[in-house]
Amino acid sequence: MSFHTTAGGMRLRLSDRGEGPDTVELVHGWKGSHRLWDHVVAALEPRHRVVAFDLRGMGESDKPRAAYDFDEHAGDLEAVISELGLRDVTLVGWSMGCTVSLRHMERGGRGVDRLVLLNGPLRLTRADDFPHSMTQEQLDGYLDELARAWPVGERAFLAESLLPTTDPLVLDWVYGIALQTPLDVAMRVVREQAKLDMRGAVGGLAVPVLAAYSRHDPYYPVSLAEYIAETAPDGQLAVLDGSAHCAPIEEPAAFVAALETFIDSRPRPA
């Protein structure tokens, strides 16, 4: 199945691979697509059903006139899980995908029995009691530069998300995917995300959660992963030492190993 049309008429680009007793659902981040999970999908599909889709406005999914808030994004995720009949789902959110995944859990968490948060925020900016993110000035600077220098500046922004040793051809690939997201959508969705504080969602999780964060991530430090693992009622921590923000691209084997260990350590529901 290459596309899935939700009951609301949203056409979502979909990847549905592999077979297994459970499902891994992968949710990409800001200006991404399901293709950024290529290495992870290839490694997981011999043992699991692996589902990934492009969020509305991004990749090859529809780009309608919409709010692009996280109720819409979580609604699309719920539609994929419900309409494909997915059960025993390990939900993996990467970067902005963490916010989508946590919003899904706040809305009832249909189908999800385990949650993985990978290199993503609970809130985009710091607070007096929460230092684990960027400053408001940094966020404003990113948005100002995004609008001013689009699309040329986007390549430099993405280069900061990857280790300096990353092959330029990989950067070109990620850049091409990012340009599938229109500028107005990119701006709108991050402004919606900036309104949210997901700390309460973590504290209220009724499923096991793995916080997998990269040692060299320029945006979200390992201290945030430690906070999540301590705050969640059933939290675990994994630190990925060989990546910046893009672990599924930079060290997919290490990420998949941490993910598989987490899945196997949690008994499947009867």
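Sub-7 Å Cβ pairs linking a first residue in region 97-111 that is more than 18 Å from residue 212 (Cβ to Cβ) to a second residue that is surrounded by fewer than 21 Cβ atoms within 10 Å (Cβ to Cβ) and among the hydroxyl-bearing types (Ser, Thr, Tyr), at least 6 apart or interchain, are 110/82, ordered by first then second residue.
Please verify whether residue 85 is modelled with pLDDT under 95, surrounded by fewer than 22 Cβ atoms within 10 Å (Cβ to Cβ), out of contact with any Ser or Thr (no Cβ under 6 Å at 6 or more places or on another chain) and not acidic (Asp, Glu), treating the condition exactly as stated. Yes: the conditions hold for residue 85. Scanning region 152-182 for residues that are assigned to a loop (DSSP other than H, G, I, E, B) and touching a helix residue (DSSP H, G or I) at 6+ places or on another chain (Cβ under 8 Å) returns 162, 163, 166, 179.
The set of residues from region 61-84 being within 16 Å of residue 182 (Cβ to Cβ), in contact with a helix residue (DSSP H, G or I) (Cβ under 8 Å, 6 or more places away or on another chain) and small (Gly, Ala, Ser) comprises 66, 67.
Every condition in (1) surrounded by fewer than 17 Cβ atoms within 10 Å (Cβ to Cβ); (2) charged (D, E, K, R); (3) part of a strand (DSSP E or B) holds for residue 25 except the one numbered (1).
Looking across region 88-134, the residues that are in contact with a strand residue (DSSP E or B) (Cβ under 7 Å, 6 or more places away or on another chain), at positive phi and at pLDDT 95 or above come down to 111, 119. Among the residues examined, residue 69 qualifies as of a type outside the set (Phe, Trp, Tyr), touching a residue at least 60 places away in the same chain (Cβ under 8 Å) and either more than 23 Å from residue 172 (Cα to Cα) or surrounded by fewer than 24 Cβ atoms within 10 Å (Cβ to Cβ) (or both). The helices (runs of 4 or more DSSP H) found entirely in region 30-129 that carry 2 or more residues being among the charged types (D, E, K, R) are 70-83, 96-106. Restricting region 144-171 to residues that are free of Cβ contacts under 8 Å to residues at least 12 places away in the same chain and acidic (Asp, Glu) leaves a set whose member that is farthest from residue 122 (Cα to Cα) is 167.
The values are calculated or read from the model by the stated rules, or taken from the named source; none is laboratory data. Worth saying up front: this structure is predicted, and the values here are computed from it rather than measured. Methodologically, a virtual Cβ is constructed for each residue, glycine included, from the backbone with ideal geometry; neighbour enumeration extends over all protein chains shown.
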